[in-house]
Amino acid sequence: MTEILRPRRLASLALLPLLAACAAASAPKLAAPPEAEPVLPAEVRAMYAAVENDGEVVPAVPEQYLDERNRRQEVDYWTDEAPGTIVVDPHARFLYLVMEGDRAMRYGVAVGDQGRGFSGEGNIPFTREWPRWTPTPNMLRRDPDLYGPHAGGMEGGIDNPLGARALYLFKDGRDTLYRIHGTNDPWSIGKATSAGCIRLFNQDIIDLHERARAGAKVVVLSEADSGKGTVPPGTPLSTPQQTTNQGETT
């Protein structure tokens, strides 16, 4: 016998597709898996690992400070300067050691007020390993509580503001008080700071110290020349070379 469907049951059957559609629409969507954080290349991690040097332990650089722009790397660089010349671009916060074949080793740097106060040419008659540091008269006047205890100088070591190495810039036989040195503040690399000259990661200043020749020529670019050498001769710079996304720090 054919079953006679009652009106109530017919209504219930008619609702089934609608209920199924609603259930499908209201089912929670699975969240996409979080993107994996970029893995720092092994060679970069090795370059900035902790190292013992002359009885001092240089800590590893924290990975959050090792973005692409701050890492030591060989880059294209077009210049008439001889290999071995150090070119400092304080406005872009880079230092270049000129190599052969239109290449250079590039280092990210932090730039202090002394580093922004000089441009032109000089040379490095000598360098120091684990240099002694003495605050300048300006530092003593600006913050006597901070710098006063070190007015007589501070022996070299990992806590010394000059870091593991220092290169001393002279011009016409006179000390310019311009220094290229290490830092125990890795967060400052790539930024403008209120004090100091040209700072590198301690691992980078050790590397530069090993590569630089005695008496090396140094060229410190003016703001107008910032970015010079980063494009082939005759090619205009497509974008301003100054580091605009890094604020000044103390």
Checklist entry - Within segment 193-203, is there a residue that is modelled with pLDDT of 95 or more and part of a loop (DSSP other than H, G, I, E, B)? => result no
Checklist entry - Being out of contact with any helix residue (DSSP H, G or I) (no Cβ under 7 Å at 6 or more places or on another chain), open to solvent by less than 60 Å² (accessible area, probe 1.4 Å) and modelled with pLDDT under 50, is that true of even one residue in segment 23-40? => result yes
Checklist entry - In segment 74-105, what residues are open to solvent by 40 Å² or more (accessible area, probe 1.4 Å) and either closer than 23 Å to Y48 by Cα or touching a His at 6+ places or on another chain (Cβ under 7 Å) (or both)? => result E74, D76, M99, R103
Checklist entry - For segment 164-180, which residues satisfy the criterion of being in a strand (DSSP E or B) and open to solvent by 50 Å² or more (accessible area, probe 1.4 Å)? => result K171, R174, D175, L177
Item to check | Residue tally, condition at pLDDT below 95, open to solvent by less than 10 Å² (accessible area, probe 1.4 Å) and in a loop (DSSP other than H, G, I, E, B), over segment 106-122 | outcome: 2
Item to check | Those residues of segment 135-163 which are in a loop (DSSP other than H, G, I, E, B), in contact (Cβ under 8 Å) with a residue 40 or more places away in the chain, open to solvent by less than 30 Å² (accessible area, probe 1.4 Å) and out of contact with any Ser or Thr (no Cβ under 9 Å at 6 or more places or on another chain), in sequence order | outcome: G157
Next on the checklist: Restricting to segment 167-191, give me the number of residues that are under 15 Å from Y107 (Cα atoms), among the hydrophobic types (A, V, I, L, M, F, W, C) and in contact with a strand residue (DSSP E or B) (Cβ under 7 Å, 6 or more places away or on another chain).
Outcome noted: 3
Checklist entry - Do we find a residue being hydrophobic (A, V, I, L, M, F, W, C), open to solvent by less than 30 Å² (accessible area, probe 1.4 Å), part of a loop (DSSP other than H, G, I, E, B) and at pLDDT 95 or above anywhere in segment 45-65? => result yes
Item to check | Sole residue being over 30 Å from P62 (Cα atoms) and in contact (Cβ under 8 Å) with a residue 24 or more places away in the chain, chosen from E129, E121 | outcome: E121
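The values are calculated or read from the model by the stated rules, or taken from the named source; none is laboratory data. Being a predicted model, the structure only gives us computed values, none of them experimental. Ideal geometry is used to build each Cβ from the backbone, glycine not excepted, and the neighbour counts take in all protein chains shown. SASA here: full protein model, heavy atoms, side chains in, ligands and nucleic acids out. Shrake-Rupley method; radii C 1.70, N 1.55, O 1.52, S 1.80 Å.
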